[in-house]
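The values are calculated or read from the model by the stated rules, or taken from the named source; none is laboratory data. Everything quoted here is computed from the prediction, not taken from an experiment. For neighbour counting, all protein chains shown are included, and Cβ atoms are generated from backbone atoms with ideal geometry for every residue, glycine included.
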Amino acid sequence: MKRSLIVLTLIAFLLVISIPADAQILWRGAKTMKKGSMICMAEWYYMNFTKKWDTASEEWKDLPSGTSSSKWGFETMFGYAITDQWEAHLHIPILFINSDDGATETSESGISDMYLKTRYAVIPWAKDKHGLTLTGALRFPTGDKDKGLGDGSTDFALGAILSTKWFGKSRGHLKANYWINGENEDKDKAGNELKIIIKYDYNFNPKFMGFASVTPYFQSEKEENGTAKVDSDKTRYTLTLGGCYKPKPGMFVRPKLGLPLGGKTGMNFSFKPMLDFWYVFSL
């Protein structure tokens, strides 16, 4: 109990002092796989950007007529359980970007920045019990920054996932991760990022669970040639609704829909459809 309180205190401290390429280091709950198990996972997503933040009026405005911007891709992951409490993963994101400024239409695609991730269950999750899992990640500049597929820097992240026990058919999760983005060869730096997920699960039956989550996201100002870029900090709030279907043991299919709740700076989408597929190979 004393160790658990110390860990929770440290997580709270990190969230308080953190300043605002979000990656999926918060996938899944606190439960870790049994030793020797493997997991493969992929998420398809699509974002059609329809709004741009107007700094002068401090409000969202529609993109000009005749222009468009969209992004879609696949977040893929392969993982292995080294012990019952410790997992290692490799993430390979694949990204497609399309834009049209009214005069020129461009399209880029390829592998984005790959990263290694680890998960360790400080408080192992078991049936009807709480669980706390810490996560860490190291991201490499494998995506072409000139094509917008990466930022050209090496980054690392820390995170935590707290899952409650089931209360009847309900369960809650609190997740957070903090990315420290490094400097690339041009001395540019993407702002550090903080993401928090507050999630609620409802178990309709043994094969289907519904869920809803609210995600605040903060990114600090970017730097160009070592100098902070004014009005480049970003804030986003997103509502995600979805379900998890289990057609057979070890297989999970999760359709989701992301809806923007507000924020500032940059461009924002009108809605974000997503589809996850997971498969756990228990050895």
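A compact table of results
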{"quantity": "Residue satisfying condition, being at positive phi, of a type in the set (S, T, N, Q) and exposed (fewer than 14 other Cβ atoms within 10 Å of the Cβ), within set 225, 205", "calculated": "225"}
{"quantity": "The stretch 224-256, subset outside any loop (DSSP other than H, G, I, E, B) and of a type in the set (Gly, Ala, Ser), residue farthest from the chain's Cα centre (by Cα)", "calculated": "228"}
{"quantity": "Sole residue being part of a strand (DSSP E or B), in contact with a Gly (Cβ under 7 Å, 6 or more places away or on another chain), hydroxyl-bearing (Ser, Thr, Tyr) and surrounded by 15 or more Cβ atoms within 10 Å (Cβ to Cβ), chosen from 142, 118", "calculated": "118"}
{"quantity": "Among the residues listed as 212, 190, the single one being more than 21 Å from residue 44 (Cβ to Cβ) and either aliphatic (A, V, I, L, M) or modelled with pLDDT of 95 or more (or both)", "calculated": "190"}
{"quantity": "Answer from 35, 2 - the residue that is over 27 Å from residue 155 (Cβ atoms), at pLDDT 90 or above and among the basic types (Lys, Arg)", "calculated": "35"}
{"quantity": "Count of residues meeting criterion [surrounded by fewer than 13 Cβ atoms within 10 Å (Cβ to Cβ) and either touching a Pro at 6+ places or on another chain (Cβ under 7 Å) or part of a loop (DSSP other than H, G, I, E, B) (or both)] in the stretch 258-281", "calculated": "2"}
{"quantity": "Residue list for the stretch 145-161, restricted to those being surrounded by 20 or more Cβ atoms within 10 Å (Cβ to Cβ) and part of a strand (DSSP E or B)", "calculated": "155, 157, 159, 160, 161"}
{"quantity": "Matching entry among 140, 167 (being more than 23 Å from the chain's Cα centre (by Cα), more than 30 Å from residue 65 (Cβ to Cβ) and of a type outside the set (Ser, Thr, Tyr))", "calculated": "167"}
